[in-house]
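The values are calculated or read from the model by the stated rules, or taken from the named source; none is laboratory data. Only a predicted model underlies this, so the values are computations on that prediction, with no experimental measurement involved. Please note: Cβ atoms are built from the backbone with ideal geometry, for glycine as well, and neighbour counts cover all protein chains shown. For accessibility, only protein heavy atoms count, side chains too; no ligands or nucleic acids. Shrake-Rupley method; radii C 1.70, N 1.55, O 1.52, S 1.80 Å.
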Amino acid sequence: AGRPMIFSGEAEKDFCERAIKTAREKAARSGRAIAGGGLAAALARDSAESGLGARVTLPVPTRKDVVMFGEGGARALYSVPISRLPLFRAIWKGYPVMELGRVGGEYLSVEGAFDVNVRELDMLRRDR
């Protein structure tokens with residue numbers, strides 16, 4: 001599993017301020033903290049709640065399970081319309097921002113990991 005990331009109160013505060021600014025300025029269509037299950041859970045929750053699928057690639061030089069299920073540190077998943085990208089990037093300047101894919105369709109597809117129908121995700125969410 002590895003060591004947890006070192007907590008930095010200042011970094012968390014800065015992250016929260018930028019997240020609030022992103023919401024206030026409507027720089028993203030949706031946003032979700034990556035916690036409680038990591039990126040995989042955040043993608044699944046967002047797809048189930050929005051009814052929209054996504055095609056995701058993971059352009060990172062590490063194991064997919066670490067990226068998909070790792071927790072710790074201030075991280076978030078945002079859905080950003082192309083027209084809002086300049087504003088979004090300006091708000092998050094200095095932070096590593098990665099484009100993971102495109103929103104749309106009936107399936108949440110993560111390259112090399114899984115393909116799940118969004119309706120099935122929503123049914124699973126509602127049955128909890």
Is one or more of the residues making up the range 14-24 in contact with a strand residue (DSSP E or B) (Cβ under 8 Å, 6 or more places away or on another chain) and either among the aliphatic types (A, V, I, L, M) or closer than 18 Å to Asp115 by Cβ (or both)?
yes
Selected residue (criterion: farthest from the chain's Cα centre (by Cα)) from residues of the range 86-128 that are farther than 11 Å from Ala48 by Cβ and basic (Lys, Arg)
Lys93
Which residue is surrounded by the most Cβ atoms within 10 Å (Cβ to Cβ), if the candidates are limited to the range 108-124 and must be in contact with a Ser or Thr (Cβ under 6 Å, 6 or more places away or on another chain) and within 13 Å of Ala42 (Cα to Cα)?
Leu108
Among (1) of a type in the set (Gly, Ala, Ser); (2) in contact with a Ser or Thr (Cβ under 9 Å, 6 or more places away or on another chain); (3) open to solvent by less than 70 Å² (accessible area, probe 1.4 Å), there is one condition Gly105 misses while meeting the rest; what is its number?
(2)
